[in-house]
Amino acid sequence: MSSLSVFLKNVPGWFLCGGVFLPVTLLLLLLILHLNRKLQEVEVELSEAPDLREAAQQLLFKPKHTHSHKHTHVHRHTHWHRDAEKKSAFKMR
């Protein structure tokens, strides 16, 4: 017999279910939830952007920060919010 079949015969079922299947399932569900939230954030940023092509480029090619100091510059996406507010305020007039 192979060592895998001997192992599976000697391991109790509750251990396989509670110790292996359940934690792996929960981790996969958490990963799905995390990716869903990230996708929703990107969709919100894209919907608020005045130029979709420019916004997509900024989301795809964000600079990766490897240093740990705080940045004092304002990121581009904060301007999208202000531009959208200005446009909606202008349309209401």
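The values are calculated or read from the model by the stated rules, or taken from the named source; none is laboratory data. Fair warning: this is a prediction, and the values are worked out from it, not measured in the lab. Heads up, the Cβs are rebuilt from the backbone with ideal geometry, glycines too, and the neighbour counts pull from every protein chain shown. Ligands, DNA and RNA are stripped out before the accessible areas are found, and what is left, the full protein with its side chains, is counted by its heavy atoms. Shrake-Rupley method; radii C 1.70, N 1.55, O 1.52, S 1.80 Å.
If you take the residues of region 1-60 that are among the aromatic types (Phe, Trp, Tyr) and either over 27 Å from the mean Cα position of the chain (by Cα) or modelled with pLDDT under 85 (or both), which of them is least open to solvent (accessible area, probe 1.4 Å)?
This residue is PHE15.
So LYS64 passes all but one of these: (1) exposed (fewer than 10 other Cβ atoms within 10 Å of the Cβ); (2) charged (D, E, K, R); (3) modelled with pLDDT of 85 or more. Which condition number does it fail?
(3)
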